[in-house]
């Protein structure tokens, strides 16, 4: 139920803001607005404020909205009101009205990101876990427990890194843009720093998924290699492991953190006669100040299509946290920069999909959005605000694409009109509209297919 409520609230808010942008600028430009609707289908609520010419409507299905303006192309207009019709407005006013919807979504994203910056958010400190073997980070010399103090693209000024989220976002941008990233790392806040360069230039960033971050090696924040709750009848309990045990070694390999420990457990299987079998390991643990040698044989479990080792215990502690909070102006600036960066990255990803450099599997549809809406709402106000900001950016950018059925398509028509001095013909308008509808429905089908595939693969 929470997922449904969070999804509906998100849709209603983002659509309302989008349509309000169109409405507000239309009124400011002297255009008569007949109807402001959020949702489609059966009307469940409507009102018309005293002295207003606009009817405000809420439809049953919160899957879109529209602002209906006086327009001679849709219905006859009385001579005394022709100056109030949208189609009779100068080109700059029509363009401003159309662009106002997506821009309202982008402004909302700035406000939401800024609000989170002002409130403050608890995030994991930028102390990296042990990178997987063969990853870019491991090849660069990054080790578990390294604190990333500042980072940036090679050739640019380094910026302070406040949290693991900052670090992952920078690395994601670097991977997708094909830019190398430079770190200044240290073992503590007061120790000397060393330079680490992640070679992301030639990394295959075809898909933005867990595999990409695995290849990069920035997978999780550092945690202590300590065992938590032990499950009954699991491998850990059978071996005699206890909650609070600190794992120092597995066989001869020193264990630096929880991430490395989890990976070693997962890899404690071997192929024999075409079948995965568990491989016994000798664990060195610290319990009550004493070193103990305990043989452990993991259980073999399926993880998707492959078999891995499991011991039936919570592995690792909570990461070290830090409160990230900004002042009024810094928070606003950071919110604007974040909105801009995500907008640019979204456009680049769409461009790469168009030319085949990025997988269409990166497209997400309503099921995935609804799922994340519910998850973020369950986590609290701040995660939900961040989710709303991200979706608001996506909605704003999507509507600016030059597809005839979107706001960006209309802006494309106005650009043509501004260049050649006459509007696009009705014939070409209809042809482009049909093509735009076909392309949009294709994108929606792919996104929905990806949603269903993700759900059934969980």
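The values are calculated or read from the model by the stated rules, or taken from the named source; none is laboratory data. Model, not experiment: these values are computed from the prediction. Cβ placement follows ideal geometry from the backbone for every residue including glycine, while neighbour counts extend to all protein chains displayed.
Here are some notes:
- Qualifying residue in region 12-28 (condition: in a helix (DSSP H, G or I) and modelled with pLDDT under 90): yes
- Residue list for region 244-254, filter: crowded, with 20+ Cβ neighbours inside 10 Å and closer than 19 Å to residue 318 by Cα: 245, 247
- Taken as a whole, the condition of being outside any loop (DSSP other than H, G, I, E, B), in the same structural domain as residue 400 (by TED's automatic domain parsing), within 22 Å of the chain's Cα centre (by Cα) and within 17 Å of residue 338 (Cβ to Cβ) does not apply to residue 104.
- If you go through region 76-91 and keep only what is outside any helix (DSSP H, G or I) and surrounded by fewer than 12 Cβ atoms within 10 Å (Cβ to Cβ), you end up with 76, 78, 90.
- Of the residues in region 174-184, at least one is in a strand (DSSP E or B) and under 21 Å from the mean Cα position of the chain (by Cα).
- Among the candidates 58, 44, residue that is assigned to a strand (DSSP E or B), loosely packed, with under 12 Cβ neighbours inside 10 Å and not assigned by TED's automatic domain parsing to the domain that holds residue 367: 44
- Scanning region 263-282 for residues that are surrounded by fewer than 18 Cβ atoms within 10 Å (Cβ to Cβ) and in a loop (DSSP other than H, G, I, E, B) yields 267, 273, 274, 279, 280.
- Test: residue in region 351-363 that is at pLDDT below 75, in contact with a helix residue (DSSP H, G or I) (Cβ under 6 Å, 6 or more places away or on another chain) and within 22 Å of residue 6 (Cβ to Cβ): yes
- Flag if residue 8 is outside any loop (DSSP other than H, G, I, E, B), without any contact (Cβ under 8 Å) to a residue 24 or more places away in the chain and within 27 Å of residue 111 (Cβ to Cβ): no
- Filtering 342, 285, 294 for residues that are closer than 27 Å to residue 252 by Cα and buried (at least 19 other Cβ atoms within 10 Å of the Cβ) leaves a single hit, 285.
- Those residues of region 283-304 which are assigned to a loop (DSSP other than H, G, I, E, B) and touching a residue at least 60 places away in the same chain (Cβ under 8 Å), in sequence order: 297, 298, 304
Each row is one residue, and each column tells you yes or no for (1) within 30 Å of residue 179 (Cβ to Cβ); (2) crowded, with 16+ Cβ neighbours inside 10 Å; (3) within 33 Å of the chain's Cα centre (by Cα).
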position	(1), (2), (3)
216	yes, yes, yes
219	yes, yes, yes
228	no, no, yes
233	no, no, no
240	no, no, no
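- Test: residue in region 121-130 that is touching a helix residue (DSSP H, G or I) at 6+ places or on another chain (Cβ under 7 Å), modelled with pLDDT under 95, assigned to a helix (DSSP H, G or I) and crowded, with 20+ Cβ neighbours inside 10 Å: no
- Test: residue in region 142-160 that is crowded, with 16+ Cβ neighbours inside 10 Å, under 23 Å from the mean Cα position of the chain (by Cα) and in a helix (DSSP H, G or I): no
A quick yes/no check of all residues on (1) on the phi > 0 side of the Ramachandran plot; (2) in contact with a strand residue (DSSP E or B) (Cβ under 7 Å, 6 or more places away or on another chain); (3) modelled with pLDDT of 95 or more:
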| site | (1), (2), (3) |
| --- | --- |
| 61 | no, yes, no |
| 66 | no, yes, no |
| 72 | no, no, no |
| 77 | no, no, no |
| 93 | no, no, yes |
| 97 | no, no, yes |
| 103 | no, no, yes |
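- Scan of region 61-75 for residues that are part of a strand (DSSP E or B) and in contact (Cβ under 8 Å) with a residue 24 or more places away in the chain, ordered by number: 62, 63, 64, 65, 66, 67, 68, 69
- Hey, residue 317 farther than 30 Å from residue 444 by Cβ and assigned to a strand (DSSP E or B) or not: no
- In region 101-127, the residues that are within 25 Å of residue 25 (Cα to Cα) form Cβ pairs under 9 Å with partners that are in a strand (DSSP E or B) and at pLDDT below 95, at six or more places apart or across chains, as follows: 101/67.
- If you check 279, 324, 255, 246 for being touching a strand residue (DSSP E or B) at 6+ places or on another chain (Cβ under 9 Å) and more than 30 Å from residue 164 (Cα to Cα), only one passes: 279.
- Residue in region 403-416 that is surrounded by 13 or more Cβ atoms within 10 Å (Cβ to Cβ), without any contact (Cβ under 8 Å) to a residue 40 or more places away in the chain, more than 19 Å from the chain's Cα centre (by Cα) and under 30 Å from residue 332 (Cα atoms) present: yes
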